[in-house]
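Following: one structure in structure tokens, then a few remarks.
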Amino acid sequence: MVSVRLPDGSQRQFDAPVTVAAVAASIGAGLAKAALAGKVDGKLVDTSFLIDRDSDLAIVTDKDADGLEVIRHSTAHLLAYAVKSLFPEAQVTIGPVIDNGFYYDFSYKRPFTPEDLEAIEKKMAELAKKDEPVERKVIPRDDAVAYFKSIGEHYKAEIIASIPANEDVSLYSEGQFTDLCRGPHVPSTGKLKVFKLMKLAGAYWRGDSKNEMLQRIYGTAWTKKEDQEAYLHMLEEAEKRDHRKLGRQLDLFHFQDEAPGLIFWHPKGWTIWQQVEQYMRHVYQDNGYQEVKAPQILDRSLWEKSGHWDNYKDNMFTTDSENRAYALKPMNCPGHVQIFRSNMHSYRELPLRYGEFGQCHRNEPSGSLHGMMRVRGFTQDDGHIFCTEDQILDECVAFTALLQQVYRDFGFTEVIYKVATRPEKRVGSDELWDKAERALIESLKRSGCEYEITPGEGAFYGPKIEYTLKDAIGRPWQCGTMQVDFSMPVRLEAEYVADDNTRKVPVMLHRAILGSLERFIGMLIENHAGALPLWLAPVQVSILNISEGQSDYAKEIEQSLKKQGFRVQADLRNEKITYKIREHSVQKLPYIVVVGDKERDAKTVAVRARGNVDLGVMSLDDLVGRLHHEIATKA
């Protein structure tokens, strides 16, 4: 007798071992048809999986996140099936699920073309319509190696040969195609109805540049056509908003090969930077932070003490001078500990909050660099709070509230909260990690925030809250962090005088709101599609004259607005006014002021807001009042 307990608490009894599919059928024909996989005692399995002992079971359908994962995994196999059908000499390698889709790498004698991609997608649709069953078979490793060698799949044979000899492996077959995979997969290809191949790219075999360059085909798959259409629309919007493209169009910054992963800021782009930095500087000042500045290069011995040398060395730029080894700082925390311990502090001074716009460098792989979103040199709005254990909770709660306000000011209203717990490679005792994780979770509860746990994703020195924003087109961006660290102050010998006159080690809270300023500015540009709000715009107002007769009046307005702190430019060129308006509109300026003879004589201005909105004629004082209000409210 096998007892199967369902998510609603009900139980079903079976006289013999039973498959997931059979359990679904016993519940109803509709569920049996919709079943994509099952979750047996928390493990995702095929519908053909045999339940031979009392178990908990959830039937997975396309309404579940796990169902979408299975669909994408199975669609990757369908892609390989189609490629082998059209190009029998192609060899298959690996094909995992990724965010929003999947890819599969192939070795083939010539590059695939866009026309090939169309043909492959068409073949995938044909194979899916056949609704062929997907069947799983488990065989010894050596038998699997022999099988794939016999059909000329040498890459697949190499993968299997790296598995321990005493292990069995699972193979999945659909029609004429068989692949190595742990699974699970959909019960038949007919379940795969909504997919699209996206692009071609190159990828080295096993990620090693010494190996052959393979051809990678990317695709996306969904449970509903409307979900895929929404995703494709989002990609179109993302393409329009790409900060790299807008950076060139709006003359904000550029990149070049001589400085990989580093940014050349142009005057307009640096103006945005300064607005963001000055805003954050006021946040520091208004919330009890003391701004500090630590060196960018520190001796290896300090990085060894902090734990970075053993746990982070591969990501650090190192150098030697006069027989001493140094590293460019990848983060600011060890420097802030040195500032803290340079004087003896009393418990009465805690919490002591340091903030720094700290320039850091990390040796990111060249293939991972992505505009401003992934760079090698960046500046953090970094802060460290030295406090007692009793103060952790209050500091974390206050930080979350502060961070929420900052994000609102920048135009982000949706925040996702995650608690990243201890990684396998870490420093400090389990007892300290328990305390730190409990404090972070309790702080989010007190802040009224729903959260999820991401096991093993914490830093090597402590767990963290990750604050993720959603932008105007729904994309998530992980930005802020709050980390509780019991270990680094011990390792770097930080102490304070407690109320009993003994010396104790403070707790160190690592916190950032924006994270990397470069990345955050890239996010801002994409979120606003380059049309930054007035308070951030590098040029807030352009003043255009219709003819030479209004040049002096335009200059007068320019000087008046500049004296009041606005970022203004006057365009006095001898060009048609329609041409000048169009040119400045393309620059996504918040306001364009036009002056002709009537405006000059009446001491007024004709005002256009972004988006070609005609606000009519108004006095300069009225315009100034409008600008001040918009900046103050960060509208």
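The values are calculated or read from the model by the stated rules, or taken from the named source; none is laboratory data. None of these values were measured; they are calculated from a predicted model. Note: ideal-geometry Cβ built from the backbone for every residue, glycine included; neighbour counts use all protein chains shown. Side chains are part of the model used for accessible areas, which takes the heavy atoms of the whole protein and leaves out ligands, DNA and RNA. Shrake-Rupley method; radii C 1.70, N 1.55, O 1.52, S 1.80 Å.
Data for the structure
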| item | result |
| --- | --- |
| Region 371-405: number of residues that are open to solvent by less than 20 Å² (accessible area, probe 1.4 Å), part of a strand (DSSP E or B) and either touching a helix residue (DSSP H, G or I) at 6+ places or on another chain (Cβ under 6 Å) or modelled with pLDDT of 95 or more (or both) | 7 |
| Selected residue (criterion: surrounded by the most Cβ atoms within 10 Å (Cβ to Cβ)) from residues of region 25-41 that are more than 22 Å from Tyr172 (Cα to Cα) and not β-branched (Val, Ile, Thr) | Ala25 |
| Test set (1) at pLDDT 95 or above; (2) not in a helix (DSSP H, G or I) - Asp56 fails condition number | (1) |
| Residues (in contact (Cβ under 8 Å) with a residue 40 or more places away in the chain and within 17 Å of Lys129 (Cβ to Cβ)) located in region 198-234 | Ala221 |
| Residue match in region 449-460 (condition: in contact (Cβ under 8 Å) with a residue 60 or more places away in the chain, buried (at least 23 other Cβ atoms within 10 Å of the Cβ) and not aliphatic (A, V, I, L, M)) | no |
| Flag if Arg573 is basic (Lys, Arg), open to solvent by 10 Å² or more (accessible area, probe 1.4 Å), modelled with pLDDT of 95 or more and in contact with a helix residue (DSSP H, G or I) (Cβ under 9 Å, 6 or more places away or on another chain) | no |
| Only one of Arg324, Arg348, Arg353 that is open to solvent by 30 Å² or more (accessible area, probe 1.4 Å) and either closer than 21 Å to Glu277 by Cβ or of a type in the set (Asp, Glu) (or both) | Arg353 |
| Residue within region 472-492 that is part of a strand (DSSP E or B), exposed (fewer than 15 other Cβ atoms within 10 Å of the Cβ) and at pLDDT below 95 present | yes |
| Residue in region 617-635 that is most open to solvent (accessible area, probe 1.4 Å), counting only those that are at pLDDT below 95 and not in a helix (DSSP H, G or I) | Ala635 |
| Any pair with Cβ under 6 angstrom, 6 or more apart, that starts in region 292-312 at a residue that is without any contact (Cβ under 8 Å) to a residue 24 or more places away in the chain and ends at one that is assigned to a helix (DSSP H, G or I) and open to solvent by less than 40 Å² (accessible area, probe 1.4 Å) | Trp309/Trp303 |
| Residue satisfying all of: in region 266-311; among the hydroxyl-bearing types (Ser, Thr, Tyr) and over 18 Å from Gln380 (Cα atoms); least open to solvent (accessible area, probe 1.4 Å) among these | Ser306 |
| Pair list, Cβ under 7 Å, 6 or more apart: region 474-498 residue aromatic (Phe, Trp, Tyr), other residue assigned to a loop (DSSP other than H, G, I, E, B) and open to solvent by less than 20 Å² (accessible area, probe 1.4 Å) | Trp477/Asp471; Tyr496/Leu350; Tyr496/Pro506 |
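Each row is one residue, and each column tells you yes or no for (1) more than 19 Å from Thr223 (Cβ to Cβ); (2) out of contact with any helix residue (DSSP H, G or I) (no Cβ under 9 Å at 6 or more places or on another chain); (3) outside any helix (DSSP H, G or I).
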residue	(1), (2), (3)
Gln13	yes, yes, yes
Ala25	yes, no, no
Ser48	yes, no, yes
Tyr103	yes, no, yes
